[in-house]
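Everything below concerns the one structure shown next.
The values are calculated or read from the model by the stated rules, or taken from the named source; none is laboratory data. Since the structure is predicted, the reported quantities are computational estimates derived from the model, not experimental observations. Methodologically, a virtual Cβ is constructed for each residue, glycine included, from the backbone with ideal geometry; neighbour enumeration extends over all protein chains shown. The protein model used for the area step is the full one, side chains on, heavy atoms only, and it has no ligands, DNA or RNA in it. Shrake-Rupley method; radii C 1.70, N 1.55, O 1.52, S 1.80 Å.
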Amino acid sequence: MAQNEYILETEHVSKRFGDLVVLKDINLQVKKGEVICIIGPSGAGKSTYLRSLNQLETITSGKIFIKGRLFLHREKDHTVERIDKETQKALLLEMGMCFQRFNLFPHKTVLQNIMLAPIEVKHEDKETVKKEALELLKKVGLYDKANEFPNHLSGGQQQRVAIARALAMKPEIMLFDEPTSALDPELVGDVLQVMKDLANEGMTMLVVTHEMGFAKEVADRVLFMADGIIAEEGTPDHIFNHPENPRTQSFLRSVLNV
Amino acid sequence: MKTFLKELIDIKNWKKKTKVTWCVVLAVFAVCLVLSFLKPSESDMKAQASAEMQELLKKDETSSRKRVTVTYNSLFVINYCSFSSSGANAISEKYVGFAGKIFKADTGVGKFTGQMVNYTYRMLGSGENILHGAKLTLFLTTISMVIGVALGTVLALGKISKNKVISKICSSYIFFFRGTPLMIQLFVVYFTVPAVFGFAWRDLFAAGDDQAVYKGAFIAALIAYGLNSGAYCAEIVRAAIQSIEKGQHEAAKALGMSYGQTMKMIILPQSVRRMVPPVCNEFVMMLKDASLVFAISLMDITTISKNIMTSEVSYNVFLPALVIYLIITAFFTWIFDAIEKKFSLYE
Ligand SMILES: Nc1ncnc2c1ncn2[C@@H]1O[C@H](COP(=O)(O)OP(=O)(O)OP(=O)(O)O)[C@@H](O)[C@H]1O
Ligand SMILES: [Mg+2]
């Protein structure tokens, strides 16, 4: 099947909250190493889509494939094809996620935050995990903060720890839901730099963002979402310089003129 | 634990406040120690009785009907001795021993001091019965709170569980124990349960044990109080768990952690700090509810002070009772504060 060339694929993904239809038949195919930025007005369903991918939201219907293998298949709010738990968990762990509000574990130090899941979920060797965790901290520029508690760090530092925490599980896909929206403007740069580095290393990334500059510079493809559908997609050049859909045009006018 | 010990030994780096506190505590302790050595001995106190009283005591030695009642109480640094005779021309003498001297305590300050020593002594229950007074109150409150917190955690997890049956059972339990009076719960455990199942609480202890009735009643009280506080603690634990941001669950889930792992490693540890103040509150309430045990013939501070009031016709008896309660409350508030601090490190 053709699915095998894609690292992530969704087919006819729909999501309803009660009577409110938030996602309408979303189809997307992501190649390995691709960086996709998702933009769009508030309430378009961007977060919901991202959260549906790693089951933080349960989709109403549709199929999700990870690395060419079926991860989830639901119709009319019921799972129709059962996937065995081990496979599903393994596929889930191929996705790392960063949240707008970081969601670090406040009662654990930076290092413990990073080491927790590899040890408890993957049962990896503690010493190895520690070495890798420190390596990751070095990479996000926070080696000296290893033993701090998250609440003693700035927002930008916390978000970088959150990225390191997700990377410690060695995912193949990283999902970012507005990673810089909760940050003071002067802290945004460091986080974006870490994400750029990640993109350059070939990480597959789905980024919901309001940072149009970042999208222009880093994205391979930009999706414009509105009212639960992907209203327009294309290269950054296409979306930002020659948008065709009137909704895209008016959205960009409103954000770029602020 | 190791770091805790190290911190304890590392006096040089203690906070100033800690140092001052310890100096005061040690000074008070030293003074008390000296005073307790200086305190007149029991025989000295008993030898104080007037010639008249000595005579009566002599007579008592040979007669089978005792005329004189001798009371001797010793309370750490101070002691109290009273003699009172019965009969037509009854006389009574009271003495207080303190710092190497013996004072007459028949009137004024001496009398008041003597009373306080006597009452406090009796409420603390230094008698043979280990289940008396302060000890009973303390044991009952502490142990039932430990049971309560453990049971409460299980009930809270049950109540928020996705399994409808478990959730219903736990909710019903909480509803029942919070919706009925503690006193009746105590009666049910102490009277109804043994009647239905055909046993007696005292049977738990050896037949020859003359305290078996009290010990049995204590066990019954412990069960009733534990079950009751479990219901209240469950609501405390549930509220604390649900006050943790949704993002914590989501982050854990995104990292592949199971529900059990998330609860154990992420949610519960963070809830503990939020539970401490309401649990402390519950503890203090429980401390006071412990006086209900008079209904099953156990004697706690409140009941004993009421009894002393009746037998001695003295209304001052409630003063030491208040002080004892305040000391216990202060001590536990201090402990709970320390626990809260320990868990707030990361904020
Ligand atoms: N748990 C929920 N229950 C009900 N409705 C929800 C829930 N979560 C989201 N929604 C609704 O779904 C719609 C899409 O929300 P979503 O958070 O995906 O938007 P978004 O594109 O991420 O917007 P924003 O840019 O503001 O983050 C909104 O109308 C929102 O109110
Ligand atoms: Mg959003």
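Sorted by accessible area (1.4 Å probe), largest first, how do A:Lys24, B:Lys16 line up?
B:Lys16, A:Lys24
List the residues, sorted by chain then number, that are 5 or more residues from A:Gly40 or on another chain and whose placed amide H is less than 5 Å from its amide H.
Amide H to amide H, under 5 Å and 5 or more residues apart or across chains, A:Gly40 pairs with A:Met225.
Roll a 1.4 Å probe over the protein heavy atoms and report the accessible area of B:Trp22 in Å², nearest 10.
B:Trp22 has an accessible surface of roughly 120 Å² with all protein chains in place.
Can you list the HN-Hα couplings for region B:187-197, worked out from phi with the Karplus curve (6.51, -1.76, 1.60; θ = phi - 60°), rounded to whole Hz and with x for Gly and Pro?
The phi angles translate into 4, 4, 5, 7, 9, 5, 4, x, 4, 5, 9 Hz.
Pull up all non-local amide H partners of A:Glu232: gap of 5 or more, or a different chain, and H-to-H distance under 5 Å with H placed in the peptide plane.
A:Phe224
State the percentage of accessible surface on region B:164-206 attributable to carbon and sulfur atoms; use a 1.4 Å probe and exclude ligands, DNA and RNA.
74 percent
Cα atoms only: what Rg and Dmax, in Å, come out for the protein assembly as shown?
35.8, 121
Accessible surface of B:Tyr232 in the full protein assembly, 1.4 angstrom probe, to the nearest 10 Å²?
80 Å²
Taking the Cα centre of region A:23-152 as origin, sum charge times position over the Cβ atoms of Lys and Arg (+1) and Asp and Glu (-1), and report the length of that vector in debye to the nearest 20.
240 debye
To the nearest hundred square angstrom, how large is the accessible surface buried between B and A, total for both chains, probe 1.4 angstrom?
1900 Å²
Solvent-accessible area of B:Ser344, probe 1.4 Å, all protein chains present, reported in Å² to the nearest ten, please.
30 Å²
Pairs to check: B:Lys46/B:Lys135; B:Lys39/B:Lys66; A:Lys24/A:Lys216; A:Lys170/A:Lys196; A:Lys138/B:Lys341. Give those whose C-alpha atoms are more than 22 Å from each other in this structure.
Distance filter (> 22 Å) returns B:Lys46/B:Lys135; B:Lys39/B:Lys66; A:Lys24/A:Lys216; A:Lys138/B:Lys341.
Taking amide H positions as placed in the peptide plane 1.01 Å from N, state which residues far from A:Val35 in sequence (5 or more) or on other chains have amide H under 5 Å from it.
Correct list: A:Met205, A:Asp220, A:Arg221.
Rounded to whole Hz and in sequence order, give me ³J(HN,Hα) for region B:84-96 from the Karplus expression 6.51 cos²θ - 1.76 cosθ + 1.60, θ = phi - 60°, writing x for Gly and Pro.
These are the phi-based 3J(HN,Hα) values: 9, 9, 9, x, 4, 9, 5, 10, 9, 9, 10, 9, 10 Hz.
Enumerate the helices in chain B for which the Kyte-Doolittle hydropathy averages 0.5 or more and the C-alpha atoms extend at least 20 Å along the helix's axis, using complete DSSP H runs.
Both cut-offs are met by B:16-38, B:133-159, B:164-179, B:212-242, B:318-343.
Could you tell me the relative contact order of region A:189-258? Use alpha-carbon pairs under 8 Å, at least six residues apart, and round to a whole percent.
Computed over region A:189-258, the figure is 19 percent.
Hey, what do the phi angles of region A:65-71 turn into as Karplus ³J(HN,Hα) couplings, whole Hz, using 6.51/-1.76/1.60 and θ = phi - 60°, x for Gly and Pro?
With coefficients 6.51, -1.76 and 1.60, one gets 10, 10, 6, x, 10, 5, 9 Hz.
Mean separation of Cα pairs under 8 Å and 6+ residues apart, divided by the residue count of region B:1-100: what relative contact order is that in percent?
So the answer I get is 26 percent.
Let me check against my output: what whole-number percent is the relative contact order of chain B, with C-alpha pairs under 8 Å and at least 6 apart?
Computed value for chain B: 15 percent relative contact order.
If you roll a 1.4 Å probe over the heavy atoms of the protein chains, what accessible area per residue do you get for region A:1-40, in Å²?
For region A:1-40, the per-residue accessible area is 50 Å².
Report the charge-dipole magnitude of chain B in Debye, nearest 20, computed about the Cα centre from +1 at each Lys and Arg Cβ and -1 at each Asp and Glu Cβ.
Rounded to the nearest 20 debye, it is 1060 debye.
Report the label-to-label distance for A:Lys130 and B:Ile160 in nanometres (one decimal), using points 7 Å from each Cα along the Cα→Cβ vector.
For A:Lys130 paired with B:Ile160, the spin-label model returns 3.2 nm.
Given the options B:Gly133, B:Gly158, B:Gly148, state which has the largest fluctuation in a GNM of chain B using a 10 Å cut-off (strictly under) for Cα springs.
Between B:Gly133, B:Gly158, B:Gly148, it is B:Gly158 that shows the largest mean-square fluctuation.
Gaussian network model of chain B, Cα springs within a sub-10 Å range: biggest mean-square fluctuation belongs to which of B:Leu322, B:Leu298, B:Leu26?
B:Leu26
Identify which of B:Ile236, B:Ile11, B:Ile266 has the largest mean-square fluctuation in a Gaussian network model of chain B, with springs joining Cα atoms closer than 10 Å.
The residue with the greatest mean-square fluctuation here is B:Ile11.
For A:Thr180, B:Thr142, what's the largest-to-smallest order of accessible area, 1.4 Å probe?
B:Thr142, A:Thr180
Output the antiparallel fraction of DSSP beta bridges having both residues in region A:146-258, as a percent to the nearest 5.
Here the share of antiparallel DSSP bridges comes out near 50 percent.
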